[in-house]
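S.K.: Below is a structure I'd like to ask you about.
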Amino acid sequence: MARHQNIRNLDYEAELEEYGAFSDEEEEELSPEDQVRMREGTAQVLEALGVEAHKVPKTQIEESLWHYYWDVDKTITYLISKYIDPPKKPAKTAPPKTAPKQDVATAGKKSANVHNKKGSSSADGVTNQVSQLKIDDTPLPKSRNLNVLSEFEKQKGKKTASFVVVGHVDAGKSTMMGRLLLDLNVVDQRTVDKLRKEAEKIGKTSFALAWVLDQRHEERSRGVTIDIATNRFETETTSFTILDAPGHRDFIPNMIAGASQADFAILVIDASTGAFESGLKGQTREHSLLIRSMGVSRIIVAVNKLDTVNWSQERFDEITHQVSGFLTATGFQPKNIAFVPVSGLHGDNLVRKSTDPAASWYTGKTLVEELEASEPSARALAKPLRMTISEVMRTPQSSISITGRIDAGSLQMGDALLVQPSGEKAYVKSLQVDDGEPADWAVAGQNVVLHLSNIDPIHVRVGDIVCDPAKPIQCVDTFTLKALAFDILMPMQVDVHRGRLHAAGKIEAIDAILDKVTGKVTKKKPMIVKPGTVSRVRVTLHSKVPLEAGQRVVLRSGGQTVAAGLLE
């Protein structure tokens, strides 16, 4: 089953009319995991709708769940507004009680018109549905013609940085970030106490801090992060954006999306007995490979739950030795690797030093101090505008708004933008930067919300690229990749991931095996590529997507990451 549109929070009746609801053949395309999500989500929606559930067709529940990526809350909101409590239509003016006199010819024409209207009722229904996705025809905003780079240089604010939190499932990533936000007073104790009471009701008391970031119903009921959870906090020197990534292997594509937006990473490792060894064989190693392949060069290793082994320095040293080895082999330089022993549940060494006597042997920096000491990656300010769309939504400011991190270049209110691969032009009606404050401009490295005008929502999807119309990114269906193999490579079917974008394709040929250090060809046209080897491969896609040289992509096959590298 293919998601026809990745539009969120939009009325998509016209899409249903065009593509139809689920057919039996489409239903078979759901993976086993998605079939479980569909059953669980449908049950949750029906329970929430209660006595009103009979008003909503089951096919609409299923289509809405699929459309909103299993987000039960958004699905319920849409269904209620559409079927249970729709917006009231203005009352029609009552017709006159006595019809005016008319001649026979006029009466005949009227009769014919009535007949035509009856015959075209279904067409009118389609027209009404399509009109719901009407282009925003608000007068176009005028560009202020600011020199954005000059304005940015004048601004003397805090530096901005984004970091992704990765690690094996159940390593305590969300709990640790929830505790960090609590200790920094970004969330208050009252909020945490409220979450703890809610967690107690379903027997998950220890998940209260994790729920600060995991806010979706399915994440809370299952106890795992599914999509990227974001939050912000500030220190004296830096404004940080947290990208809390899922640890479960089923949601690796979402983790890739988070890593693509990060300046550096926190790798969380569970130090409890047996957990570290299990994680090393699981997502700990894969996440490390992925974030390095996505261009992240600075990594802070948070050795979590060390309080469960009585702050054993021997255990910390053992983990440090093993993790340093594979991180260095992955490509991280030793000077860019830091280790901090922490307790995410109790807050030791996150914002303040641990007061536990058993942890007195550690005299290094806290996690926040290590974050402040990390320099964000260089911003591509002078390059043409490039921004990957993370989310599409409807807001009070516009019928079509998008969020994302600007990868390169700059923009300002009133600018014309090109959305690829649709090739449609839009205009920046207004924008918000990082903390949600209205702004006149934004530059590379900032997270923005853009409120657009003059574009139909069906042309805007998650994973699309927003670019400069004068210097657009090209859409291609074949490319050459300098790839590091995680598994055996050969001509095979693959999924290509770049940020939120993923497209089906195939490795057509392997042109050469390359030396890891010099990049020189060591063997031409090999039949297969062994894990850990760098090679040049040619990939074809089933459809054209926006890609260009210098971007980093990941290749996956059969639910496993098989390679990652740089587009040549």
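The values are calculated or read from the model by the stated rules, or taken from the named source; none is laboratory data. Worth saying up front: this structure is predicted, and the values here are computed from it rather than measured. So basically every Cβ, Gly included, is an ideal-geometry build from the backbone, and we count neighbours across all protein chains shown. Accessible surface areas use protein heavy atoms only, side chains included; no ligands, DNA or RNA. Shrake-Rupley method; radii C 1.70, N 1.55, O 1.52, S 1.80 Å.
S.K.: Inside region 529-539, can you point out the residues that are exposed (fewer than 14 other Cβ atoms within 10 Å of the Cβ) and modelled with pLDDT of 90 or more?
M.R.: K530
S.K.: Take the conditions free of Cβ contacts under 8 Å to residues at least 24 places away in the same chain, touching an Asp or Glu at 6+ places or on another chain (Cβ under 7 Å) and under 28 Å from M387 (Cβ atoms) and apply them to A504. Does it pass? Give the steps one after another, and end with the answer.
M.R.: On the way: free of Cβ contacts under 8 Å to residues at least 24 places away in the same chain: no; touching an Asp or Glu at 6+ places or on another chain (Cβ under 7 Å): yes; under 28 Å from M387 (Cβ atoms): yes.
Answer is no for this residue.
S.K.: Looking only at region 319-355, count every residue that is over 24 Å from S297 (Cβ atoms) and open to solvent by 60 Å² or more (accessible area, probe 1.4 Å) and tell me the total.
M.R.: The total comes to 5.
S.K.: Go through the residues of region 288-298 one by one and say whether even a single one is at pLDDT 85 or above, in contact with a helix residue (DSSP H, G or I) (Cβ under 6 Å, 6 or more places away or on another chain) and in the same structural domain as T363 (by the TED database).
M.R.: Yes, region 288-298 contains a residue that is at pLDDT 85 or above, in contact with a helix residue (DSSP H, G or I) (Cβ under 6 Å, 6 or more places away or on another chain) and in the same structural domain as T363 (by the TED database).
S.K.: On the given criteria, is L327 in the same structural domain as D270 (by the TED database) and either modelled with pLDDT under 90 or in contact with a Phe, Trp or Tyr (Cβ under 6 Å, 6 or more places away or on another chain) (or both)?
M.R.: Answer is yes for this residue.
S.K.: Suppose we filter region 501-555 for residues that are hydroxyl-bearing (S, T, Y) and in contact with a helix residue (DSSP H, G or I) (Cβ under 7 Å, 6 or more places away or on another chain); how many remain?
M.R.: Of the residues in that region, 0 qualify.
S.K.: When you go through R285, R292 one by one, which is the residue that is closer than 22 Å to L567 by Cβ and basic (K, R)?
M.R.: R292
S.K.: Out of all the residues in region 531-568, which are more than 20 Å from the chain's Cα centre (by Cα), outside any strand (DSSP E or B) and within 25 Å of A408 (Cβ to Cβ)?
M.R.: Residues satisfying the conditions are E548, A549, G550, E568.
S.K.: A further question on this structure: Are there any pairs with C-beta distances below 8 angstrom linking a residue in region 422-433 that is touching a residue at least 60 places away in the same chain (Cβ under 8 Å) to a residue that is among the aliphatic types (A, V, I, L, M) and open to solvent by 50 Å² or more (accessible area, probe 1.4 Å), with the two at least 6 apart or on different chains, and if so which?
M.R.: Listed by first residue and then by second, the contacts come to Y427/L140.
S.K.: If I filter region 406-435 down to residues being at positive phi and more than 18 Å from the chain's Cα centre (by Cα), which single residue comes out as surrounded by the fewest Cβ atoms within 10 Å (Cβ to Cβ)?
M.R.: In the first step, residues of region 406-435 are kept if they are at positive phi; the result is 409, 414, 423, 434.
Next cut, more than 18 Å from the chain's Cα centre (by Cα) only: 409, 414, 423.
Numbers: G409: 23, G414: 17, G423: 11.
Among them, the one singled out is G423.
S.K.: Next up: Just name the residue that is least open to solvent (accessible area, probe 1.4 Å) out of those in region 489-509 that are modelled with pLDDT of 90 or more and in a loop (DSSP other than H, G, I, E, B).
M.R.: By that ranking, first place goes to M492.
S.K.: Is it true that Q322 is more than 30 Å from V496 (Cβ to Cβ), outside the structural domain of L501 (by the TED database) and of a type outside the set (D, E, K, R)?
M.R.: Yes.
S.K.: If you don't mind, another one. In region 160-190, how many are more than 20 Å from D307 (Cα to Cα), open to solvent by less than 60 Å² (accessible area, probe 1.4 Å) and of a type in the set (S, T, N, Q)?
M.R.: Count: 2.
Yes/no per residue for (1) over 23 Å from S410 (Cβ atoms); (2) in contact with a Pro (Cβ under 8 Å, 6 or more places away or on another chain); (3) assigned to a loop (DSSP other than H, G, I, E, B); (4) of a type in the set (D, E):
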| site | (1), (2), (3), (4) |
| --- | --- |
| S422 | no, no, yes, no |
| V428 | no, yes, no, no |
| L431 | no, yes, no, no |
| G445 | no, yes, yes, no |
| H451 | no, no, no, no |
| R461 | yes, no, yes, no |
| C467 | no, yes, no, no |
| L484 | yes, no, no, no |
